[in-house]
1. Which ³J(HN,Hα) values in Hz, rounded to whole numbers, follow from the phi angles of region 41-52 under the Karplus curve 6.51 cos²θ - 1.76 cosθ + 1.60, where θ = phi - 60° and Gly and Pro get x?
2. Does anyone have the angle between helix 90-100 and the longest principal axis of the chain? Alpha-carbon axes, 0 to 90°, nearest 10?
3. Which residues in region 75-106 have a backbone N closer than 16 Å to a point placed 7 Å from the Cα of SER134 along the Cα-to-Cβ line?
4. Which longest run of the chain has no exposed loop site in it, a site being GluC sites (Glu not before Pro) in a DSSP loop with at most 14 other beta carbons within 10 Å, and the site itself not part of the run?
5. Rounded to the nearest Å, what's the spacing between the alpha carbon centres of region 115-157 and region 48-66? Just the number, please.
6. Spelling out what I want: for every residue of region 132-146, take phi, set θ = phi - 60°, compute 6.51 cos²θ - 1.76 cosθ + 1.60 (Karplus), and round to whole Hz; glycine and proline get x.
7. Between ARG141 and residues 5 or more places away or on another chain, which pairs have amide H atoms under 5 Å apart, with H built 1.01 Å from N, and which residues are they?
8. Mind telling me which of GLY26, GLY67, GLY146 comes out most flexible in a GNM of the chain, alpha-carbon contacts under 10 Å?
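Every number here is computed from the coordinates shown, using simple stated rules; none is lab data. In this text the structure is predicted, and so the values were computed from the model without any measurement. Neighbour counts are summed over all protein chains in view; Cβ atoms, including those assigned to glycine, are modelled from backbone coordinates with ideal geometry.
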Amino acid sequence: MSEVLAGYKWITGTAIADTTLSASIGTRAYADGAPDVDPDDPNGDPPAYPLLTAAFIAGTDCRGVGGKRLLSKPLFLVRVIGEGGYGDIAALVMRLDALLDVQPDEDNPVSTVTIEGQEYEILGCVREHPAADSDIENGVRYSWGGGYYRPYIRAVS
């Protein structure tokens, strides 16, 4: 399960660290969906848009001889959500895809993250399916785009 937490940390951290994406979303990158209220707003107002969410969908482990887990392949639905039509967030969705659909150079992992003192390597990530939709809530259109991304995550011994 810690590989899932490592995946969340890599996805949200990668989005926030990118100057192009963070210029629009700031630090509004959330694991398990957006909050009902902005955690940084003392008035309890809803979060500002656009924002990014990552949701764990499912996963598989790759095991070696003797059953040792070699790496995990969790699947996440990662979305950029904005007010208005899809055209308003299209550039952000394309930037997100460029950041997450990555392969490592030679023998170097894409990134490393640490959860509770355990280091994890992100060995690469692929988008398995694109995704987009929109909803109208209280007369406001919220559109989202992104995809189902599968990072390859290995615990460092």
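1. 9, x, 7, x, 6, x, x, 7, 10, x, 8, 10
2. 10 degrees
3. So the set is 80-93.
4. On the way: sites that count: GLU106, GLU116.
Segment 1-105 is the longest.
5. 7 Å
6. 7, 5, 8, 9, 10, 10, 6, x, 10, 7, 10, 10, 9, x, x
7. Answer set, sorted by chain and number: GLY84.
8. The residue with the greatest mean-square fluctuation here is GLY67.
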